[in-house]
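Every number here is computed from the coordinates shown, using simple stated rules; none is lab data. None of these values were measured; they are calculated from a predicted model. Heads up, the Cβs are rebuilt from the backbone with ideal geometry, glycines too, and the neighbour counts pull from every protein chain shown.
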Amino acid sequence: MSKTEEKKIENKEFTEECNTVLMAVSDALYAIGGKWKLMIIIAMERGNKRFTEIQRQVTGISARVLSSELKELEQNGFIIKKVAVGYPVSIE
């Protein structure tokens, strides 16, 4: 076995750069993980901006769960809530 092959076998630990990337990926997966979040993001990307539109598109999600998931996505910076002044109040 050559010296370079021995070095490759001995060095099995993650580098600092690798750890940084793994932590970023782990954080992203945590933020969009779960049963509904990715489907909500896709529904919004396809043009469904209103609450009822998203609820119709994401089959099987309750209003309570959708509301909770949207709040979490807003807190994590994935979506921005816009409230339009007027009657009736419009939220996108």
Under the Kirkwood approximation for Rh and a Cα-based Rg, what ratio Rg/Rh is obtained for region 14-91?
1.10
Assuming R0 = 25 Å, what is the FRET efficiency of VAL85 and ILE41, from their Cβ-Cβ distance, to the nearest 0.05?
0.40
Would you mind working out the magnitude of the charge dipole of region 14-91 relative to its Cα centre, with +1 at each Lys and Arg C-beta and -1 at each Asp and Glu C-beta, to the nearest 20 Debye?
600 debye
Sketch the reach of a paramagnetic label on SER62 as a point 7 Å from Cα along Cα-to-Cβ, and name the residues of region 35-56 whose backbone nitrogen lies under 15 Å away.
36
